[in-house]
Amino acid sequence: MSKIGSIGARLHRGEVGYDFVKNRKIWYGISILITITAILGLAVRGLNMGIEFQGGAVFTTPKHMSASVADTETFAQDASGHDAIVQKLGDGSLRIQIAGIDTGKSDQIKDALSKDLKVNAEQINADLVGPSWGEQIASKAWEGLAIFMVLVVIYLAIAFEWRMALAALVALIHDITITTGIYALVGFEVTPGTVIGLLTILGYSLYDTVVVFDSLKEQTKDITKQSRWTYSDLANRSINGTLMRSINTTVVALLPVAGLLFIGGGALGAGMLNDISLSLFVGLAAGAYSSIFIATPLVADLKEREPQMKALKKRVLAKRAQAGTEGAPMADAPEDAPDFDDEPEDTAAAVVGPRNQPASRGRGRGRPSGKRR
């Protein structure tokens, strides 16, 4: 077995682990800081809405144009008086987007571009996009998002409980806010592809969260009938038990998206891939983070406010203090480890006794401890 596989198996069995729940205030602080930065980016810079949402014109030149992208941008901006986005397509033609112009202005720009690019005006294809189409897409996206959120909360509340539904909702809002904020800070154009990518990441984020919640639900059955683990201990074990699965699925999902973003959109200059690949890349990473560091610790916070969980925590801490292991989470023991309550007193004393005290070799063999005759 590989080293990573061995670590994953030990995490799943509870032999090793990191106390995510104990350090939840650190993760909350990091998330709040990132979220505030994202909101400031949205407030100060705003989103760079694409032509589909603002309206305008799209010009497509003939194939195998000799003019460069930079020169064409200059020609388009001089002709229109607006910022222009120029992309070189695979067949060598140029795609020129200019937002905020009407039909009359479009004809003037087309004539000016034909002169600057030294091509016939009839060879330049011009398509007008009205802002109402973009508004319709945006409204439908918000409707779909709202319906999705409601259905998710209802499902999780029925399948698990309302605290888990609330935590999952907070994690989803966290992921959406961070993704849109990074879009504002980076300045990438928001297109229908961006909306599709944004809605897609919600499913990935929810998947990781539900996997941890399912493990937590199984481990907390009849939790009040024992006095070995608190709810936070078992929540932490659930995160560690599914940690390698979350990491593996996230990395596998991020690799092709990173190829689209950094190689396709960056190195190869396929700028049309940036709109959907950035939302997927940021959203997948934020979703994995929120599932581990936000959703489950928040459930533990909400759950341990219940009177039963408070009483359980008090019993567990009292038993640990009596055993001389106060503060130890005891969550790193294997799942099949026996409960203290099920052990006889002499066995429990042997477990918590000093480890450097040697045991008698002759005991347990049915032989008396006296001298042989």
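The values are calculated or read from the model by the stated rules, or taken from the named source; none is laboratory data. Not measured: the values here are computed from a predicted model. Every residue, glycine among them, receives a Cβ derived from its backbone with ideal geometry; neighbour counts consider all protein chains shown. We work out accessible area using only protein heavy atoms, side chains counted, and drop any ligands, DNA or RNA first. Shrake-Rupley method; radii C 1.70, N 1.55, O 1.52, S 1.80 Å.
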Pick from segment 44-85, criterion open to solvent by less than 20 Å² (accessible area, probe 1.4 Å) and of a type in the set (S, T, N, Q), ranking: nearest to F188 (Cα to Cα): T72
Whichever residue in segment 65-101 is among the aliphatic types (A, V, I, L, M) and assigned to a helix (DSSP H, G or I) and, among such residues, is farthest from the chain's Cα centre (by Cα): A79
- prompt: Does at least one position in segment 116-129 carry a residue that is acidic (D, E), in contact (Cβ under 8 Å) with a residue 24 or more places away in the chain, surrounded by 14 or more Cβ atoms within 10 Å (Cβ to Cβ) and more than 30 Å from D214 (Cα to Cα)?
  reply: yes
field: Members of segment 182-240 found to be among the charged types (D, E, K, R), part of a helix (DSSP H, G or I) and surrounded by fewer than 21 Cβ atoms within 10 Å (Cβ to Cβ), listed by number
entry: D214, K217, E218, K225
- request: Name, by its number, the condition in (1) within 27 Å of D275 (Cα to Cα); (2) out of contact with any helix residue (DSSP H, G or I) (no Cβ under 8 Å at 6 or more places or on another chain) that does not hold for K115.
  value: (1)
- line: Checked segment 145-171 for anything crowded, with 17+ Cβ neighbours inside 10 Å, touching a residue at least 60 places away in the same chain (Cβ under 8 Å) and either under 17 Å from A286 (Cβ atoms) or in contact with a Leu (Cβ under 6 Å, 6 or more places away or on another chain) (or both); matches are R163, M164, A167, A168, A171
message: Against the conditions (1) within 30 Å of L199 (Cβ to Cβ); (2) out of contact with any Gly (no Cβ under 9 Å at 6 or more places or on another chain); (3) open to solvent by 80 Å² or more (accessible area, probe 1.4 Å); (4) of a type outside the set (A, V, I, L, M), where does K88 fall short? Just the number, please.
response: (2)
message: Among the listed residues I109, I98, identify the single one that is touching a Gly at 6+ places or on another chain (Cβ under 9 Å) and crowded, with 17+ Cβ neighbours inside 10 Å.
response: I98
- prompt: Taking the condition of a type in the set (F, W, Y), modelled with pLDDT under 85 and surrounded by fewer than 18 Cβ atoms within 10 Å (Cβ to Cβ), does W142 pass?
  reply: yes
query: In segment 47-58, is there at least one residue being touching a residue at least 40 places away in the same chain (Cβ under 8 Å) and over 24 Å from W133 (Cα atoms)?
result: no
